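Asks: My questions all concern the structure below.
The values are calculated or read from the model by the stated rules, or taken from the named source; none is laboratory data. Not measured: the values here are computed from a predicted model. With ideal geometry, Cβ positions are generated from the backbone for all residues, glycine too; neighbour counts draw on all protein chains shown.
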Amino acid sequence: MIGVDEVGRGCWAGPVLSCASYIYPSKFMNLPKINDSKKMSKKHRREIFVSSSTFSRSAIGSSTVNEIENLGINASNDLAALRAVILMVQNFSFYTNKNLFFDIFIDGNRIPSFDMFEKLFALIRNRIKIYCIVKGDSKLMSIALASIIAKETRDTIMYQQHLLYPYYNFKNNVGYGTKEHRDMIIKHGITKIHRRNFKPISTIFCI
């Protein structure tokens, strides 16, 4: 059972990240309190993230800003999820030397369109079955953990971008739309990590 969740879908800047996570069955009785990352404090979320390797296995997939602009956000989101799932499947295969079968539980009500990435999907097509769980990050612990790991990983990436582009306060808004972020776009223009086809950037600059 692999839980999958994404972060960064609605941002104005930065990549979209997806995490696939697997919790070791032997560790379920002594797990820390895990919940949807949006319902946890930053301190608690960070603690879970740091300790997660002791009770779980995870893999991260991402789609770049360039991919988001060219493929659209839905396809880019699906590509990030597919990359994370492939890494997880390959990780298990490497350590077990077996062709295991995986149930993939994805947060939301939409089956991802993995078929459009035919060559990538062919690597795992016959080894997975996909299920959608509405509000899965509040119902399934592996999805909740995936949401935490994805969030913490992306926040770290955006902090690094903040060091490159301090005007935009990426360390706090992590690329999401805020009044301050909009004001800085108007004042300083856009960076290489801004999604030019996202509103309000597309309307501000008439791209």
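Asks: For the stretch 17-56, which positions are closer than 24 Å to GLY175 by Cβ and in contact with a Lys or Arg (Cβ under 6 Å, 6 or more places away or on another chain)? Reasoning before the result, please.
Replies: The initial filter retains those residues of the stretch 17-56 that are closer than 24 Å to GLY175 by Cβ, namely 17-21, 35-50, 52.
Scanning the stretch 17-56 gives LEU17, SER37.
Asks: Okay, next question. Pull up the stretch 13-34, narrow it to residues that are assigned to a strand (DSSP E or B) and among the hydrophobic types (A, V, I, L, M, F, W, C), then point me to the one that is surrounded by the fewest Cβ atoms within 10 Å (Cβ to Cβ).
Replies: So in the stretch 13-34, the residues assigned to a strand (DSSP E or B) come out as 13, 16-23.
Checking the rest, the ones that are also among the hydrophobic types (A, V, I, L, M, F, W, C) come to 13, 16-17, 19-20, 23.
Working: ALA13: 26, VAL16: 28, LEU17: 27, CYS19: 30, ALA20: 32, ILE23: 22.
Among those residues, the one meeting the criterion is ILE23.
Asks: Of these, LYS171, LYS139, which one is among the basic types (Lys, Arg) and modelled with pLDDT of 95 or more?
Replies: LYS171
To keep it simple, each residue is scored yes or no on (1) charged (D, E, K, R); (2) over 14 Å from the mean Cα position of the chain (by Cα); (3) not in a loop (DSSP other than H, G, I, E, B).
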site	(1), (2), (3)
LEU87	no, no, yes
GLN90	no, yes, yes
ASN126	no, yes, yes
LYS129	yes, yes, yes
LEU145	no, no, yes
GLU152	yes, no, yes
ASP155	yes, no, yes
GLN160	no, yes, yes
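Asks: Here is a further query. Picking from TYR176, TYR167, which residue would you name as being in a helix (DSSP H, G or I) and not hydrophobic (A, V, I, L, M, F, W, C)? Break it down stepwise before answering.
Replies: Details: TYR176 fails: in a helix (DSSP H, G or I).
On inspection, the qualifying residue turns out to be TYR167.
Asks: Considering only the stretch 129-183, state which residues are closer than 30 Å to ILE23 by Cα and β-branched (Val, Ile, Thr).
Replies: Residues satisfying the conditions are ILE130, ILE133, VAL134, ILE143, ILE148, ILE149, THR153, THR156, ILE157, VAL174.
Asks: Could you list, in sequence order, the residues of the stretch 35-47 that are surrounded by 15 or more Cβ atoms within 10 Å (Cβ to Cβ), among the charged types (D, E, K, R) and out of contact with any helix residue (DSSP H, G or I) (no Cβ under 8 Å at 6 or more places or on another chain)?
Replies: GLU47
Asks: Across the stretch 35-79, what is the total count of residues that are closer than 16 Å to ALA13 by Cα and either under 12 Å from the mean Cα position of the chain (by Cα) or touching a residue at least 40 places away in the same chain (Cβ under 8 Å) (or both)?
Replies: Final tally of qualifying residues: 9.
Asks: Right, another one. Among the listed residues THR178, THR96, which satisfies the condition of being modelled with pLDDT under 95, over 18 Å from ILE48 (Cβ atoms) and β-branched (Val, Ile, Thr)? Full working, then the answer.
Replies: Values: THR178 fails: modelled with pLDDT under 95.
Step by step, each of THR178, THR96 is checked, and only THR96 is modelled with pLDDT under 95, over 18 Å from ILE48 (Cβ atoms) and β-branched (Val, Ile, Thr).
Per-residue answers, yes or no, for (1) touching a Leu at 6+ places or on another chain (Cβ under 8 Å); (2) within 21 Å of PHE102 (Cβ to Cβ); (3) not acidic (Asp, Glu):
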residue: GLY3; (1), (2), (3): yes, yes, yes
residue: GLY8; (1), (2), (3): yes, no, yes
residue: VAL16; (1), (2), (3): no, no, yes
residue: SER21; (1), (2), (3): yes, yes, yes
residue: PRO32; (1), (2), (3): no, no, yes
residue: LYS42; (1), (2), (3): no, no, yes
residue: SER51; (1), (2), (3): no, no, yes
residue: VAL65; (1), (2), (3): no, no, yes
